[in-house]
Number of protein chains: 2
Amino acid sequence: MFSKATEYALRATIYIAQKSSVEKKLSLAEIATAIDSPPSFTAKILQLLTKDNCVINSVRGPNGGFYITEKSKQLPLKKILEAVNENDLFEKCILGLKKCSETKPCPLHFQYKPIKQELIHLFQTNTIQELSEKADNESLFINNSI
Amino acid sequence: MFSKATEYALRATIYIAQKSSVEKKLSLAEIATAIDSPPSFTAKILQLLTKDNCVINSVRGPNGGFYITEKSKQLPLKKILEAVNENDLFEKCILGLKKCSETKPCPLHFQYKPIKQELIHLFQTNTIQELSEKADNESLFINNSI
DNA sequence: ATAATTAAGGACAAAATTACCTTTAATTAT
DNA sequence: ATAATTAAAGGTAATTTTGTCCTTAATTAT
């Protein structure tokens with residue numbers, strides 16, 4: 001479904017929202033270990049999420065690391081997809097047809113449409129905070145190797 | 001969503017179901033042109049679909065080509081995904097967590113679940129024939145460049 | 001039988017994605 | 001101020017996916 005990059009972005013952001021605050025920043029090493037992702041590749045993705053502080057924040061130096069503000073926690077998951085340039089995924093034709101549209105629909109168009117809309121709805125209505133709270137309850141999901 | 005390979009597999013199969021019969025086989029060249037896919041790569045994918053005649057059939061030589069039997073037209077789209085080994089796509093965790101399950105769910109698990117089931121339902125209930133008939137009505141969808 | 005045609009199959013190439021490593025810049029603690 | 005720490009940034013490497021090409025095998029038409 002999603003690329004590795006997007007999966008890591010979602011997992012990392014949820015983890016950061018769960019565990020961080022301005023006072024308690026998380027290092028790349030901790031994040032990558034926690035979400036079971038390759039550290040260097042994860043660094044690149046965190047950079048995307050940090051661009052213009054669009055989703056998360058970072059500071060360098062001792063006791064530096066990544067954190068998320070209360071304000072950013074109110075952002076929809078969609079923002080994460082935007083940050084890693086995978087936001088158009090749900091817009092695309094399921095058969096990969098460039099010209100597929102309402103007026104020129106592919107044979108799956110109208111059956112896929114409601115599903116697509118549910119996906120969009122899922123990522124638009126859920127905030128980062130809501131997800132991180134769910135993560136608190138529903139077992140520590142995030143470590144991929146456990 | 002899907003890989004190029006899967007998109008081509010779906011488009012090709014629908015096109016073959018639309019236009020072919022045992023008497024009227026379609027050449028690789030015609031199929032690739034019609035669905036706007038790279039011919040050689042498409043050849044590989046058609047081979048997968050032809051393995052054990054699981055979805056489509058082929059014959060070599062003059063007036064050879066690809067066709068689909070009436071029986072195979074009754075197969076669900078899911079068969080196409082199986083043939084190109086992308087059938088597990090809908091089984092996977094949306095966050096890419098290997099151990100995500102009903103008892104150890106990721107924070108998106110229960111919200112994604114119904115969507116996943118609709119996707120599975122879509123590919124399990126629609127037959128190749130049904131799709132190709134839709135393609136007949138809903139404009140010739142398949143050429144990607146028009 | 002022979003030649004022509006078409007898919008099958010194998011090897012290879014290009015592009016995209018994923019992953020790694022090293023240097024630089026910023027920040028902090030001493 | 002200096003040294004230590006951490007992310008940023010750039011380059012590179014490995015892997016996967018996508019795409020190409022060439023030879024082989026099968027079938028058909030002549």
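Only the coordinates and a few stated rules stand behind these numbers; no lab work does. Quick caveat, the model's predicted, so the values are computed rather than measured. Quick reminder, even Gly has a Cβ in these numbers, built from the backbone with ideal geometry, and neighbours come from all protein chains shown.
List of remarks:
- Shown in residue order for segment B:65-78 are the 3J(HN,Hα) couplings computed by the Karplus curve 6.51 cos²θ - 1.76 cosθ + 1.60 at θ = phi - 60°: x, 10, 8, 10, 7, 4, 5, 5, 5, 7, 6, x, 4, 3 Hz (x for Gly and Pro).
- Sorted from shortest to longest, the distances between the A:THR69 label points of this copy and the other copies are 6.6 nm, with each point 7 Å from Cα along the line through the beta carbon.
- Karplus (6.51, -1.76, 1.60) ³J(HN,Hα), θ = phi - 60°, over segment A:88-100, in Hz, Gly and Pro reported as x: 7, 3, 7, 8, 6, 5, 5, 9, x, 8, 5, 9, 5
- Cα centroids of segment A:51-100 and segment B:1-61: 37 Å apart.
- The three principal axes of the Cα atoms in segment B:58-102 give end-to-end lengths of 52, 21, 11 Å, sorted in falling order.
- With at most 11 other Cβ atoms within 10 Å, longest stretch of chain A clear of loop GluC sites (Glu not before Pro) (DSSP): A:24-101
- Segment B:1-72: proportion of alpha-carbon pairs further apart than 21 angstrom, %: 13
- Between the helical axis of A:39-50 and the longest alpha-carbon principal axis of chain A there is an angle of about 70 degrees.
- Both the radius of gyration and Dmax for the protein assembly as shown are 22.2, 75 Å, in that order, over alpha-carbon atoms.
- Other copies of A:ASN85: label-to-label distances in nm, shortest first, labels 7 Å along the beta-carbon direction: 2.8
- Annotation for B:GLU102, label-to-label distances across the other copies: 3.9 nm (shortest first, one decimal, point 7 Å from Cα along Cα→Cβ).
- Shape summary: segment B:4-137 maps onto an equivalent ellipsoid whose semi-axes, from the alpha-carbon gyration tensor, are 33, 15, 12 Å in decreasing order.
- In segment A:37-95, trypsin sites (Lys or Arg not before Pro) in a DSSP loop with at most 10 other beta-carbon atoms within 10 Å: A:ARG60
- Between B:PHE110 and B:ASN87, the FRET efficiency from the beta-carbon distance, with R0 = 25 Å, is close to 0.65.
- Only DSSP H runs of four or more residues enter the estimate; each adds -39500 (n - 2.57), and after division by the residues of chain A the mean residue ellipticity at 222 nm equals -15000 deg cm²/dmol.
- Taking other Cβ atoms within 10 Å as a rough exposure proxy, B:THR103, B:THR127 sort from fewest to most as B:THR103, B:THR127.
- Whole-number percent relative contact order across chain A, with pairs defined as alpha carbons under 8 Å at least 6 apart: 30
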